[in-house]
Amino acid sequence: MANEIIRVEKLVKRFERKSGFWNHCHNSVTAVDNLDFLIYEGETMGLVGESGCGKTTLGRMLLHLSIPDSGKVSFMGCDLLLMRSRELRKMRKNMQIVFQDPAGSLNSRMRVQEILSEGLNEHYKNKGKYWIKERISEVLSAVGLEKNSLIRYPHEFSGGERQRIGIARALTLHPGFIVCDEPVSALDVSIQAQILNLLNDLKKQYGLTYLFISHDLSVVKHMATKVAIMYLGRFMEMGPSDTVYKLQKHPYTQILISAIPKIDKKNQERLRVSGEVPSGDNIPDGCRFHPRCPYAETVCRTKDPGWKQVGEDHWISCHFVI
Amino acid sequence: MGPLLKVENLKTVFMSERGKVKAVDGISFEIEKGQTLALVGESGCGKSVTCLSILRLLMSSGRIEKGKILFQGKNILSLCNRELRQVRGGQIGMVFQEPMTSLNPLMTLGQQIREILLCHNKISKKEADTRVVELLRDVRFPKPDKSINLYPHQISGGMRQRVMIAIAVACKPLLLIADEPTTALDVTIQAEILDLIQYLKESYGMAVLFVTHNLGIVRQTADKVVVMYAGKAVEEANTDDLFEKAIHPYTRHLIESVPDLHRNYGDFLPSIPGKVPDALHRPEGCPFCLRCDEEEPVCRELMPDFYEYKTDHRVACWGAIHGK
Ligand SMILES: Nc1ncnc2c1ncn2[C@@H]1O[C@H](COP(=O)(O)OP(=O)(O)OP(=O)(O)O)[C@@H](O)[C@H]1O
Ligand SMILES: Nc1ncnc2c1ncn2[C@@H]1O[C@H](COP(=O)(O)OP(=O)(O)OP(=O)(O)O)[C@@H](O)[C@H]1O
Ligand code: SF4
Ligand SMILES: [Mg+2]
Ligand SMILES: [Mg+2]
C-alpha cells in the first residue's frame, strides 16, 4: 500500500459573520463540516463542487494556512496542529498551494523575479545565487513564460499569464504535495492542456501528490485518480474517478455532469436544479442536498443519509443509492 | 441604423521598460443590438485589453494608438469625461476577469451596488435598497436581504463574481462586456448565470461581448465568434460555422484541444505545440506561422489579409486564400 500523505479526521471549520442591517445578527457559516479522508502518495485527488461549498477552505486547512475549529490534519504522519512553528516552516517547503485568485495572491510591488525567489531564499540560501537563478529559469520555462517576464510586475501580465506565475511559484521549492486551487481556470484550452500535461509530468518525475480543485469536470476527470464531490461542506460522493464518472450514482454528480456546456451541439438539454441556492449558515436537515434534489422524498428531509460504502473505495451519501 | 458597437482597426499599445508592447494590433468587429459576440483566443492575445479599450479603462502605460470605437454611432474615443462616465456602468455594463481586485474591500456588497444605482438613476435611497436585494436575488445570491452587509473577503470567489454581475446589469445596459464572467463559477451556477444573461438579453435587448476560454459556453450562447491570436483577429464566423467549418489552423487546433468528458486521453491532452510569440518580437508575417503545420513560405513574410472567405465568414490565412 502506498504511503499516506494526508490524513483528515473529523475536520470542521466555521466562520463567524455579522449580518442584518445593523450588524445585529451574528451567525456562523459552516464551511467544512466533519470530513474524513485520506490522500495517498502519488494520488491526485480531484475536488469538485459548487462555488462556496468550502473547497478553498479545505485546501487551506490541509496546508495549515487556515486553522480548523476541530478535527485533525496529519501530513506524512505528523499532526500539523501539534507542530511547532520551526518544524512547520520546514514542512511548508514540502507542501505548496497554487492560489485561486492569481491577482490577489501575487504581491503587486514585487517583480516576478522577487516573487519566485522569495521561498528559495528562505529555504535554499546556502545553495548560492547562481543555483537559485538556475532554478527560477527552469520553472519559468516549464510554465511557458519568457525569460524577460522576470523583470515585470504582476499587473503587466494577462490573467492567464499571472496564473502561470502562481504555478511557477509553487513549483520552485520542489514540494511533494501541492494543493492546486483552480490552477487552470483562467487559461485557454491549449495552454490549459500544456499546464495539465506539465503537472502530470512532474507528478511522474517526482512522485508528487495533488489535491486538485476545479469546477471543470472534464479536467478533473483527466487529472484525478480519485474524486470527491462536495456540497455545503460535506462530501456527497467519493471514489475512483473512472467509477464516479461512469456510474454517475449520486443525483448531484448527475446534475454537475449534465450542466457541462457541450461543444458539439447547440441548445443542449440539461438537468435543472431547483430551489434556493444554499448557504452554510443554515444547512438543511436530513440530506443537505434535498431542497435541490430532483429525486428527494420524505425521508430525505428528515434523515441524514450518512456515508455509505457502495463499492471498492467508493462512498456515497444518499438514501436511494445502494 | 448601424450596429450597436463598431470597433474599427483598434490598436492598443503599452509602453514598458522592455519597449512597446502591441497588445491589440488592428482588430475590427461589430455587434448588433441584442447580439452575443464571443471573443476567444490564447491567453495573452489581447482580449481583455480590447474590452478595456472599449471603455477607455487602460492604465496609464496603455494607449490607444489608432482606430475608432463607435457606440450607437458615437466615437467613444472622443467623449468627454462626463459623457464617458454616463456610458460606463450605465449604457455599457462590465464584468471583469478578477472579481477580487474589482470590488472595493472596504465597502459592503450592498453599498457597492447601491452606489452604481444612485449614480446613474434618479431614485431614492429606499428604492435603491429594494433594487439591490432584487438584483442579488436575480444573480441567485443566497439570502439576498441578509447578505447586503457582507464584505468581499467574506464570500467565496464565485459569489464575488455574482456580485460583479449584479453591479454590471444594475442599470439595464444596452451592452454587457463580460470578461470571463464564469471562470470562477461551478457548472451549475455557471449555467444559471448564462441563463440569467440570456434572460436579460431577451428582456431588454441587451447585447453581450463575451470573453471566455470555455468553447462549450461559446457554442451554447454566442451568435458569432471572433478568434484572436497575438493581437489580431484571425477568424470570424457565426457560431455554427465556426464549430463545424473552422478554416484557420489555429481555430481548428483550439477546438480539438477541448477536453471531452467521454474520451480517455491517457497521459496527454492534445495541445498546440509552442507558444504565442512574445508581444515584443512578433514574426513579420502570420503570427501563427511558427506553430502552424500548414505553413507556406509566404506565411513568414507577409501578414495575410482578413478577407471574406464567404458570407459572414472571414479569415486571415494564406492557406485559405490559396484555396486549400
Ligand atoms: N474569511 C471568511 N470569513 C467569513 N466567511 C468565509 C471566509 N472565507 C470563506 N468564508 C465562507 O465559507 C464558505 C466556503 O468558502 P470557500 O472559499 O472555501 O468556497 P469555495 O468552495 O472555494 O468556493 P469557490 O468555488 O467560489 O472558490 C463560503 O460560504 C464563504 O462565504
Ligand atoms: N499594463 C501592461 N503593461 C505591459 N503589457 C501588458 C499590460 N497589460 C497587458 N499587457 C500585455 O498585453 C497582452 C494582452 O493582454 P490581455 O490581458 O489582453 O490578454 P488576454 O487575451 O485577456 O489573456 P488572458 O486570456 O490570459 O486573460 C499580453 O501579452 C500582456 O502581457
Ligand atoms: S438523499 Fe434524497 S435528497 Fe439527498 S441526494 Fe439522495 S435522493 Fe436526493
Ligand atoms: Mg475557492
Ligand atoms: Mg484576459
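What follows draws every value from the coordinates through simple rules; no lab data is involved. Quantities reported herein were computed from a predicted structural model and do not represent experimental measurements. Cβ sites come from the backbone with ideal geometry, for glycine too, and all protein chains shown count toward neighbours.
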In Å, descending, principal axis extents of the Cα set of the range B:129-193: 27, 27, 19
Rounded to the nearest 20 debye, dipole of the range B:60-112 from Cβ charges on Lys, Arg, Asp, Glu: 260 debye
The range A:124-279: radius of gyration and largest Cα-Cα distance (Dmax), Å: 18.8, 60
Within straight-line cross-link reach of A:LYS246, lysines at Cα separation under 26 Å, skipping those fewer than 8 residues along the same chain: A:LYS55, A:LYS203, A:LYS204, A:LYS221, A:LYS226, A:LYS262, A:LYS265, A:LYS266, A:LYS308
With Cα atoms, 0 to 90° folded angle of helix A:189-206 axis to chain A main axis: 80 degrees
Reference-scaled alpha-carbon Rg (2.2 N^0.38 Å with N residues) for the range B:68-202: 1.04
Nearby lysines by direct alpha-carbon distance to A:LYS93 (threshold 16 angstrom, same-chain neighbours under 8 apart not counted): A:LYS125, A:LYS127
Chain B - mean residue ellipticity at 222 nm from DSSP helices (-39,500 (n - 2.57) per run, n ≥ 4, rounded to 500): -9000 deg cm²/dmol
Antiparallel DSSP beta bridges within the range B:5-272, as percent of all bridges there, nearest 5: 60 percent
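Averaged over peptide B:159-167, how many Cβ atoms belonging to another chain are found within 10 Å of each residue's Cβ? Walk me through the numbers before you get to the answer.
Numbers: counts 4, 2, 1, 3, 0, 0, 0, 0, 0.
Neighbouring Cβ atoms belonging to other protein chains average 1 per residue here.
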Long-range amide H partners of A:SER66 with built H, under 5 Å: A:MET61
Fraction in percent of alpha-carbon pairs per bin - 10 Å, the range B:1-75: 19, 51, 25, 5, 0
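Determine the calculated [θ] at 222 nm for chain A from helices alone, applying -39500 (n - 2.57) to every DSSP H run no shorter than 4 residues and normalising by the residue count; nearest 500 deg cm²/dmol. Don't skip to the end; give the middle numbers.
On the way: 11 runs with 104 residues, N = 322.
So the calculated ellipticity at 222 nm is -9500 deg cm²/dmol.
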Under 20 Å from B:LYS66, Cα to Cα: lysines that are on another chain or at least 8 residues apart: B:LYS6, B:LYS11, B:LYS20, B:LYS22, B:LYS47, B:LYS74, B:LYS232
Inverse mean reciprocal Cα-Cα distance (Kirkwood Rh) of the range B:32-97, Å: 13.2 Å
Relative compactness, the range B:178-246, computed as alpha-carbon Rg over 2.2 N^0.38 Å: 1.15
Residue of A:MET95, A:MET230, A:MET110 that the Gaussian network model of chain A assigns the largest fluctuation, springs spanning Cα pairs under 10 Å: A:MET110
Long-range tail of P(r) for the range B:165-291 (Cα pairs > 23 Å, %): 44 percent
Under 5 Å, built H, 5+ apart or other chain: amide partners of A:VAL310: A:TRP315, A:ILE316
Whole-Hz ³J(HN,Hα) from phi, Karplus 6.51 cos²θ - 1.76 cosθ + 1.60, for the range B:207-222, glycine and proline x: 9, 10, 9, 10, 9, 7, 8, 8, 5, x, 5, 4, 4, 7, 10, 7
Å³ per residue enclosed by the Cα convex hull of chain A: 171 Å³
Rg/Rg_ref, the protein assembly as shown, where Rg_ref = 2.2 N^0.38 Å and atoms are Cα: 0.96
Cα-based equivalent ellipsoid of the range B:5-272: semi-axis lengths in Å, sorted from largest, via gyration tensor: 30, 24, 18
Whole-angstrom gap from the range A:36-95 to the range A:188-209, using each part's C-alpha centre: 22 Å
A:LYS125 versus A:ASN107: modelled label distance in nm, points set 7 Å from Cα along the beta carbon direction: 1.5 nm
